[in-house]
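To keep things clear, I will list the structure first and then write my remarks on it.
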Amino acid sequence: GLVAIEAVDVTDAHRVERVRRDFVANVSHELKTPIGALQLLAEALLDATEPASEQPDPEAAAAQAAEDVAASRRFAERIQRESTRLGRLVSELLELSRLQGAERLPDPEPVSVDAVIAEALDRARTNAAAKHIELVTVGTRGLTVYGNDNQFATALGNLVENAVAYSHEQSAVVVSALAEGDRVDISVSDQGIGIGPGDLDRVFERFYRADQARSRSTGGTGLGLAIVKHIATNHGGRVDVRSRLGGGSTFTLRLPARPPEAMLPLPA
Ligand code: ADP
């Protein structure tokens, strides 16, 4: 008995240690990439702004100066993009580690599903407008879920932001809510690039990005869905996905529609 228990504990400790080491290695790699890019871009910017050597022809000097300014702007824009992404990566990592470390939920409160949807749509509005994507809500009004309103808005916001990021211009993203017994299902459907069968079970893993997403360079971090999954499971809920490569995706957040005590089995 004792020996077996010890053996299990040792194996678990090893597993936890391996997961921790993999995580640190992943994080270091993910941070190194944008930092390396920033270093190269800063060097390029320094080169482009180096005082020009004596140029006797004033016309050629002016042309050179104009070219240098244009190049500098391009480098500065890329520095801005990379540093924005780096900032997002760090704040999502912090969020994820907070969620993973949470012993238990802060006391669940009744939360209006309409308010969660409105907040999530607000977060995606700028990006949606830039791509002429229509954000549509359908379904039952006045539903209530139980948990933390900020976390629910973060989870649904991540799903809506993804739907916009992985959709074609001039399409639509539909958010719907449905009461299903003890749960409320909130679905986000898009008509975007979709996810192939090989990637579908892996998209909730930290840092996992399908090839189609990587090649699009949408500035994603691969952490958004891991955060969604943690929020759902910390609340006793779930997140599911249905998708087809090239055929759009539907992500469904299933959240508790009763306070936790009401979800316990009744005493005999
Ligand atoms: P990212 O920052 O890359 O969007 P996520 O964790 O939010 O990270 O998503 C992980 C991966 O799942 C994405 O890189 C993409 O390959 C895929 N994905 C997520 N949402 C969608 C969607 N609505 N349509 C197509 N692919 C998606």
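Computed from the coordinates by the stated procedures, all read-outs in this text should not be read as laboratory data. Bear in mind the structure is a predicted one, so any value in this text is a computation, not a measurement. Positions of Cβ are backbone-derived with ideal geometry, glycine not excepted, and every protein chain shown enters the neighbour counts.
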What is the fewest-to-most order of Thr84, Thr250 by other Cβ atoms lying within 10 Å of their Cβ? Thr84, Thr250
For the chain, give the magnitude of the charge dipole about the Cα centre (Cβ charges: +1 Lys/Arg, -1 Asp/Glu; no others), in debye to the nearest 20. 740
Return the calculated 222 nm mean residue ellipticity for the chain, to the nearest 500 deg cm²/dmol, obtained by summing -39500 (n - 2.57) across DSSP H runs with n ≥ 4 and dividing by the residue count. -19000 deg cm²/dmol
To the nearest 0.05, the calculated FRET efficiency linking Ala44 and Gln170 through their beta-carbon distance, R0 being 51 Å, is 0.90
Decide, for segment 127-213, between rounded, prolate and oblate: order the square roots of the alpha carbon gyration tensor eigenvalues as a ≥ b ≥ c, take rounded if a/c falls under 1.5, and otherwise choose prolate if a/b is larger than b/c, else oblate. oblate
Report the charge-dipole magnitude of segment 128-268 in Debye, nearest 20, computed about the Cα centre from +1 at each Lys and Arg Cβ and -1 at each Asp and Glu Cβ. 180
The helix 149-165 Cα axis meets the longest alpha-carbon principal axis of the chain at an angle in degrees, between 0 and 90 and rounded to 10, of 50
So, with points 7 Å from each Cα along the Cβ direction, the Thr137-His14 label distance in nm works out to 5.1
Counting sequence-distant residues (5 or more places) and residues on other chains, those with an amide H built under 5 Å from that of Arg258 are Tyr146
Just rank Ser112, Ser249, fewest to most, by other beta-carbon atoms within 10 angstrom. Ser112, Ser249
Across segment 1-160, what fraction of all alpha-carbon pairs, as a whole percent, falls in each successive 10 Å bin from zero upward? 8, 19, 21, 21, 15, 9, 4, 2, 0, 0
In nm², what is the average projected area of the convex hull enclosing the Cα atoms of segment 118-266? 8.8
Place the peptides 58-67, 181-190 in order of packing, highest mean first, counting for every residue the other Cβ atoms within 10 Å and averaging per peptide. 181-190, 58-67
How do the peptides 148-159, 193-204, 14-25, 116-127 rank, highest first, by the average count of neighbouring beta carbon atoms within 10 Å per residue? 148-159, 116-127, 193-204, 14-25
